[in-house]
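A.B. asks: Handing you a structure now.
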Amino acid sequence: MDVPVLASAWDALVLQLSWMFTEPTARTWQQIALGWVLHRGPATVTGIFRTLGRWADRHWTVYQIPQARDYRATWSLDELSLRLLVHVIGPMIAQSGMVDPRSGKPVADLVIDDTTVGRYGRHVAHAGWFKDASAQGQGVKGTVIHWAHNWVVGAVTLRLPRWPLMRWVLPAVFALYRKRCDCDRSHPFRTRQELAAQMVRRVSRALPNVQWRVSADGQYATRDLVAGLPAGVNLVSRMRRDAAIYALPPTHRPAGRRGPNRKKGKRLPSPRTSAARRKKGWKKTTVLKQGRQVERLVLGVTCLWYHVCKDVPVRLVIVRDPAGRQEDDFCLCTDASVPDHQIVQRFYDRWAVEEAILEAKQQMGFESTRGWCSKTVNRQAPLAMVLLTLVKAWYARCAIEEPSLLPERTPWNPTKTRPSFLDMLSALREVLWTHRITHNSRSSARTHEILETLAYALFAAA
């Protein structure tokens, strides 16, 4: 393993995001990125400082600058997301090889979802009471209401030719949702759907030569998001089971009829009723769901969902489990020309952002930051997501050329071939710790002995 080359590859990725800072802040950012990745435990400034050791050549309070204690540091999260998209994620999209046949542009998916990040203390800026079915604690009917921040996260998902069985999920854009009582003239209230629409427009402007496709959960299938989509961008989401859908309007005006042309046809049965009544027209397809191939029956209908999409035709796809173990799903795409198989696959792929959020919480300290003032809250926690994307980008670039970075097969999992994020983080920690130790040690034999002894404690993080 060529440790200096692999460590330099990581430094190069971190350096791509350094140009938006002033020179002193850029140096601090590079050290924080190193300490954050190597540190095992809550993502605190003091923990990162102690992990850096002698590499932290400045006072410990200085390491709060990129996290906004110093108000002279004028960088913003939007600027950081822009550089992440252009210089880190953009080249990966080009490598994916997916091209839209109509426009000839590279294709990438933007998956949007929101999550709560539990906090403590009444004086934490922009915190509030939010529901989260996945949070821990006392709940009512499986739903926990806790004091937290609510982050809307947009992740770019793609597949790379050298990793055909993996879907890479790269968090790229972030927005903190504030309740109406926490807004003012300088920060007007915006719904989650409006924040998601802003994200899509921001991503489209950052990479205009990419054909973007958006996927989101059912709560984002609203007029706020659909109306805010840029030209040429379509949305795949979930349709309400009781949605009021209509047939397309007639193309010819009846003889003698006056007035404007009809904007919608006759009322159709609701998606739930259509799924129960229709016996013919179902087609069998095979899709990937959470890494496994599954068979599904699909029934597609082109219709109008006037309440959300006005008079723009949408494609409703009813998805049924042939075994009958799962309830029917109802997907929609705002572009009626998209094939049903692609709609179903994108609908299942949206789950990937949930996995990325869980990885950021469990491994990168997304939920363990300690900042409480407004600027710190808006900058500190998303750095965990940014570093998660950098770790994945580094691994995708280096692991193919260096087989020693691939996951180790164990007696309890002898056929493992696809690395988890924990495997990627472990490989990066091994490279960085090895580089730090061997760079400052004269006895290579003794160094290898120490590394073998401390390998699990320093690298595995599991």
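The values are calculated or read from the model by the stated rules, or taken from the named source; none is laboratory data. Computed from a prediction, not measured in an experiment: that's the story for all the values here. No Cβ is skipped: glycine too gets one built from the backbone with ideal geometry, and neighbour counts run over all protein chains shown.
A.B. asks: I'm trying to understand the selection: among the residues of segment 124-153, which are in contact with a His (Cβ under 8 Å, 6 or more places away or on another chain), at pLDDT below 85 and within 20 Å of residue 196 (Cβ to Cβ)?
C.D. replies: Selection gives 132 alone.
A.B. asks: Being among the acidic types (Asp, Glu) and touching a residue at least 24 places away in the same chain (Cβ under 8 Å): is that true of residue 224 here?
C.D. replies: Values: among the acidic types (Asp, Glu): yes; touching a residue at least 24 places away in the same chain (Cβ under 8 Å): yes.
Taking the combined requirement at face value, the residue satisfies it.
A.B. asks: Let me ask something additional. Out of 26, 33, report the one residue that is part of a helix (DSSP H, G or I), out of contact with any Gly (no Cβ under 9 Å at 6 or more places or on another chain), under 28 Å from residue 367 (Cβ atoms) and free of Cβ contacts under 8 Å to residues at least 12 places away in the same chain. Walk me through how you get there before you give the answer.
C.D. replies: Numbers: 33 fails: free of Cβ contacts under 8 Å to residues at least 12 places away in the same chain.
Matching residue, one of 26, 33: 26.
A.B. asks: Among 103, 215, which is among the hydroxyl-bearing types (Ser, Thr, Tyr), in contact (Cβ under 8 Å) with a residue 40 or more places away in the chain and buried (at least 18 other Cβ atoms within 10 Å of the Cβ)?
C.D. replies: Exactly one of 103, 215 is among the hydroxyl-bearing types (Ser, Thr, Tyr), in contact (Cβ under 8 Å) with a residue 40 or more places away in the chain and buried (at least 18 other Cβ atoms within 10 Å of the Cβ), namely 215.
A.B. asks: Here's a check for you: in segment 16-38, which residue that is more than 16 Å from residue 385 (Cα to Cα) and among the aromatic types (Phe, Trp, Tyr) is surrounded by the fewest Cβ atoms within 10 Å (Cβ to Cβ)?
C.D. replies: Restricting to residues being more than 16 Å from residue 385 (Cα to Cα) and among the aromatic types (Phe, Trp, Tyr), the top hit is 19.
A.B. asks: Follow-up. Checking residue 181 against (1) part of a loop (DSSP other than H, G, I, E, B); (2) surrounded by fewer than 19 Cβ atoms within 10 Å (Cβ to Cβ), only one condition comes out false. Which one?
C.D. replies: Residue 181 satisfies all of (1) part of a loop (DSSP other than H, G, I, E, B); (2) surrounded by fewer than 19 Cβ atoms within 10 Å (Cβ to Cβ) except (1).
A.B. asks: Only one of 434, 376, 438, 415 is of a type outside the set (Asp, Glu) and crowded, with 21+ Cβ neighbours inside 10 Å. Can you tell me which?
C.D. replies: None of the other options fit; the residue is 434.
A.B. asks: So in segment 330-378, with the set limited to residues that are small (Gly, Ala, Ser) and under 15 Å from the mean Cα position of the chain (by Cα), which one is nearest to residue 222 (Cα to Cα)?
C.D. replies: Kept after step one, since they are small (Gly, Ala, Ser), are these residues of segment 330-378: 336-337, 352, 356, 360, 365, 368, 371, 374.
Filter once more, so that each one left must be under 15 Å from the mean Cα position of the chain (by Cα): 352, 356, 360.
Working: 352: 21, 356: 24, 360: 28 Å.
Among those that are small (Gly, Ala, Ser) and under 15 Å from the mean Cα position of the chain (by Cα), it is 352.
A.B. asks: When residues of segment 1-23 are filtered for being outside any helix (DSSP H, G or I) and in contact with a helix residue (DSSP H, G or I) (Cβ under 6 Å, 6 or more places away or on another chain), how many remain? Full working, then the answer.
C.D. replies: In the first step, residues of segment 1-23 are kept if they are outside any helix (DSSP H, G or I); the result is 1-2, 17, 21-22.
Then keep just the ones that are in contact with a helix residue (DSSP H, G or I) (Cβ under 6 Å, 6 or more places away or on another chain); that gives 1, 17, 21.
Within segment 1-23, residues that are outside any helix (DSSP H, G or I) and in contact with a helix residue (DSSP H, G or I) (Cβ under 6 Å, 6 or more places away or on another chain) number 3.
A.B. asks: Check segment 124-132 and report whether any residue there is in contact with a helix residue (DSSP H, G or I) (Cβ under 6 Å, 6 or more places away or on another chain) and part of a strand (DSSP E or B).
C.D. replies: So the first thing to find is which residues in segment 124-132 are in contact with a helix residue (DSSP H, G or I) (Cβ under 6 Å, 6 or more places away or on another chain), and the list is 125-126.
If we keep only those that are part of a strand (DSSP E or B) as well, we get none.
Looking through segment 124-132, none of the residues is in contact with a helix residue (DSSP H, G or I) (Cβ under 6 Å, 6 or more places away or on another chain) and part of a strand (DSSP E or B).
A.B. asks: Might you let me know whether segment 307-324 holds any residue that is out of contact with any Leu (no Cβ under 8 Å at 6 or more places or on another chain) and surrounded by 15 or more Cβ atoms within 10 Å (Cβ to Cβ)?
C.D. replies: Checking segment 307-324: at least one residue is out of contact with any Leu (no Cβ under 8 Å at 6 or more places or on another chain) and surrounded by 15 or more Cβ atoms within 10 Å (Cβ to Cβ).
A.B. asks: Regarding residue 387, is this residue closer than 20 Å to residue 33 by Cα and either buried (at least 21 other Cβ atoms within 10 Å of the Cβ) or small (Gly, Ala, Ser) (or both)?
C.D. replies: Values: closer than 20 Å to residue 33 by Cα: yes; either buried (at least 21 other Cβ atoms within 10 Å of the Cβ) or small (Gly, Ala, Ser) (or both): yes.
Judged against the criteria, residue 387 is a match.
A.B. asks: Kindly indicate which of 167, 241 is surrounded by 17 or more Cβ atoms within 10 Å (Cβ to Cβ), touching a strand residue (DSSP E or B) at 6+ places or on another chain (Cβ under 8 Å) and not aliphatic (A, V, I, L, M).
C.D. replies: Numbers: 241 fails: surrounded by 17 or more Cβ atoms within 10 Å (Cβ to Cβ).
After ruling out the rest, the residue left standing is 167.
A.B. asks: Right, next: Can you find, within segment 227-236, the residue that is surrounded by the most Cβ atoms within 10 Å (Cβ to Cβ) among those that are among the aliphatic types (A, V, I, L, M) and over 10 Å from residue 196 (Cα atoms)? Show your work before the answer.
C.D. replies: Filtering segment 227-236 for residues among the aliphatic types (A, V, I, L, M) gives 227, 229, 231, 233, 235-236.
Among the residues that remain, those that are also over 10 Å from residue 196 (Cα atoms) are: 227, 231, 233, 235-236.
Details: 227: 13, 231: 5, 233: 18, 235: 26, 236: 28.
Applying the filter and picking the extreme gives 236.
A.B. asks: Of everything in segment 379-404 that's part of a loop (DSSP other than H, G, I, E, B) and of a type outside the set (D, E, K, R), which residue is farthest from the chain's Cα centre (by Cα)? First the steps, then the outcome.
C.D. replies: First, pick out the residues of segment 379-404 that are part of a loop (DSSP other than H, G, I, E, B): 399-402.
If we keep only those that are of a type outside the set (D, E, K, R) too, we end up with 399-400.
On the way: 399: 22, 400: 23 Å.
The qualifying residue farthest from the chain's Cα centre (by Cα) is 400.
A.B. asks: Looking at (1) touching a residue at least 40 places away in the same chain (Cβ under 8 Å); (2) assigned to a loop (DSSP other than H, G, I, E, B), can you tell me which one residue 407 breaks?
C.D. replies: (1)
A.B. asks: Among 427, 445, which is of a type in the set (Gly, Ala, Ser) and either at pLDDT 85 or above or under 17 Å from residue 41 (Cα atoms) (or both)? Before you say what the answer is, go through the steps one by one.
C.D. replies: Details: 445 fails: either at pLDDT 85 or above or under 17 Å from residue 41 (Cα atoms) (or both).
The conditions single out 427.
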